[in-house]
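Please treat every number below as a calculation from the coordinates, not as lab data. These figures come from a predicted structure and were not determined experimentally. With ideal geometry, Cβ positions are generated from the backbone for all residues, glycine too; neighbour counts draw on all protein chains shown.
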Amino acid sequence: MKITRISTAVMESNFDWTLVRVDSDAGLSGMGEAFLGPGLTAVIREFNDILVGEDPVHIDRLVRRMRASCIYASPGLMFHAIGGIETAILDLLGKACKMPVWQLLGGKYRDAVTIYADCHGGDALESITPLLKPRTPAWMAAEGAPVEESRISVKHHGWDASKQESLTPESYAERAAEMAERGFRMLKFDVDVPTPYETDEYNRDLSPMEVDFAASLAGAVRKAVGPRVGLAIDCHWNYGVAAAVDLARALEPLRLLWLEDVLPPENIRAMGEVQRCTRTPLATGENHFFRIDFQRLILEAGLRVLSPDVQKIGLWEGRKLADLADMHYVNLTWHNISSPLGTIAGAHLCAATPNVLALEWHAASVPFFDDLVKNGDAPLVRDGKVKVPDLPGLGLEIDLDVAYKYRKPGEAFFE
């Protein structure tokens, strides 16, 4: 069996959902999903020069060749592309061998994977471009309606800086209670949101009033769901060391599962400094790509929870990373903002690793999420879990007619 073509399709959802298809001369195709990025589909198609004519059974060698071919431009966007292609190859191999992907990864530890729901203080769809600019997806925009201009917020991830907005503890509590009622036993909320006490946009600082406001949002969630529902908090790399320590200490009474991405990802020593100053467990890893970086996060920063991204790391490399973390008795919580395809790919990886806490689900507000699943019973996420398929490959088929309806203008659709 030889690879004959790599192609892509993109849907506009809360994020861009980029599907990758790898075709073969055996008449079989595999599907994967790549993490978003500007110009991503052009990068994915470039790998036709590397992979066409190759036998997909040599998955480890092919991933190594892809990484070696883009050494001048990696990691970042190049690894986003590689992750999507690698998953599609695994799906193809599973179909060819009549084995589920979890079996290719070494077998499974569990039949269903715990999902943590990424929540907001409301239920409306929030959508951003690959450059974090708030947008209205084409399928939501009224025909002939003027395009609303927005301004990227540096301090508040994914927010429109041209608008004066703030959320309330009451809205957080209401959303938390709703998601707990749906069966989720692990929730994550953002606290890097606009507040009534705005200060400088660029200095990575938090005033005492901003810290107290963030703590009040998280505290309202804890009060609404009680101690039996696990709670994580996301900060999207927005703070400096002093602000991060103040916030982490303020959140200690809530006994968080983890406090995510309090600092920019580059400085591992600084992350360790924050962790040593608080009882709140920190987590990071979404913007790390190499096992050596995760080893440093464990050994130098003293992290007990890692949060890599499924699509950025890939399933094959993700299994290796899980083994490394398990050597140090460290758990993984997998970041995931993808469609049903990427979510089920993450479920295969989580099923095949012993030291996983949960897989993220970031699509509670996406109205067509379950419509995309052509085979299987909706909803895909049920009572806070995803059942791991036993069908060959990923075991999930995307309804391409539905995907086409929500396609991104200007992007090819498997052409």
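Structure summary
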item	result
Of the DSSP H helices in the chain, those whose Cα atoms cover at least 20 Å axially and whose Kyte score averages 0.0 or more	77-97, 208-225
For the stretch 326-374, radius of gyration divided by Kirkwood radius, i.e. Rg to Rh on alpha-carbons	1.07
The stretch 77-187 - Rg and Dmax from Cα coordinates, angstrom	20.0, 55
The chain - mean residue ellipticity at 222 nm from DSSP helices (-39,500 (n - 2.57) per run, n ≥ 4, rounded to 500)	-10000 deg cm²/dmol
Relative exposure of Arg276, Arg204, judged by other C-beta atoms within 10 Å (fewest first)	Arg276, Arg204
Stokes-Einstein D for the stretch 3-98, Kirkwood Rh over Cα pairs, 4 °C, 1.567 mPa s (µm²/s)	98
Label-point separation, Lys133 to Arg64 (7 Å along Cα→Cβ), nm	4.2
Positive minus negative residues near Cys277 (Lys, Arg vs Asp, Glu; Cβ under 10 Å)	+1
Rounded to the nearest 20 debye, dipole of the chain from Cβ charges on Lys, Arg, Asp, Glu	1300
Per-selection Kirkwood Rh - the chain (Cα, Å, 1 d.p.)	21.7
Share of pairwise Cα separations in the stretch 294-355, more than 15 Å, in percent	45
